[in-house]
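Report on one structure; see the data block that follows.
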Amino acid sequence: MPLVNAAGLFRLRLTCPWRERLWPVRSSQLDDRCLLPRLAGLAGVPDLLEIAVGWNEAGLGVRARIDGLAGSRWCQPTKPEDSDGLHLWIATRPTGESHRAGRFCRRLALLPTGGGPQADQPVAVAAQIPRSSEPAPPLPEASVFIVAENRSSGWHLDAFITAAALPGWDPDESPRLGFFAAAVDRRLGKLPGFAPPEFPWESDPTTWAELLLTR
């Protein structure tokens, strides 16, 4: 375990640009200017994950691509914390000081499969944040739209997280978010975007990056 998190030597401020259209995918305006920097090298994990984000008043758009994974996906909506997929931690009212997540913090597991009657459809599930001082409200039905493509070497996933899924969402009053992303794979383990796997980013909002909602 490194003595110092290289990515934590500075406060990560990532840009999330405004886009008029984020859903459906065919008309989404997420483009290369929405890509987040790839900091896996600083975190000391395989550089397999690409993420793009954008926002508008209705919510947050996400595009994720992971390549370099062998085998099938293990996705269990009843066990979201351990399931393969993209895991996001979002704080709509970040303080930058509390080490415990509160009611404005949401963890989402975006799973490329495991949903639907045949368990072969993508699904978004709320997951627990350990040590939370106050849990987020239940995830409303149909508040996250998701499509995915499973490939032999990984998965491609697009999602639109509506304001209803983000407690405290108010871009005018709070134009910055606490934000963390990690890919989970049963074979490779947890691949965090901005910190080493040993750091407490699953539970500690002070280890998350800051996402600036820009126009």
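General remarks:
- Take every Cα pair under 8 Å whose residues are at least 6 apart in sequence, average their separation, divide by the length of the stretch 6-214, and the relative contact order is 27 percent.
- Fraction in percent of alpha-carbon pairs per bin - 10 Å, the stretch 54-152: 14, 44, 32, 10, 0
- Low-density loop cleavage sites - GluC sites (Glu not before Pro) in the stretch 132-215, where at most 16 other Cβ are within 10 Å (DSSP): Glu141, Glu173, Glu198
- The trypsin sites (Lys or Arg not before Pro) found in the stretch 132-209 that occupy coil by DSSP, while having at most 14 further C-beta atoms within 10 Å, are Arg186, Arg187.
- Translational D in µm²/s for the chain (Stokes-Einstein at 4 °C, 1.567 mPa s, Kirkwood Rh from C-alpha pairs): 76
- Check: the chain dipole with +1 on Lys, Arg Cβ and -1 on Asp, Glu Cβ, in debye: 120
- Considering helices alone, the calculated mean residue ellipticity of the chain at 222 nm is -500 deg cm²/dmol, with DSSP H runs of length four and up weighted by -39500 (n - 2.57) and normalised per residue.
- Relative compactness, the stretch 89-215, computed as alpha-carbon Rg over 2.2 N^0.38 Å: 1.08
- Qualifying trypsin sites (Lys or Arg not before Pro) for the stretch 14-107 [loop in DSSP, other Cβ within 10 Å: at most 11]: none
- Cβ-based charge dipole, the stretch 6-214, positive-most Cα from Ala58, Trp201, Ile129: Trp201
Values in this text are rule-based calculations from the coordinates and carry no lab data. Remember, it's a predicted structure, so these values are computed and weren't measured experimentally. Counting neighbours? That spans all protein chains shown, and the Cβs are built from the backbone with ideal geometry, glycine included.
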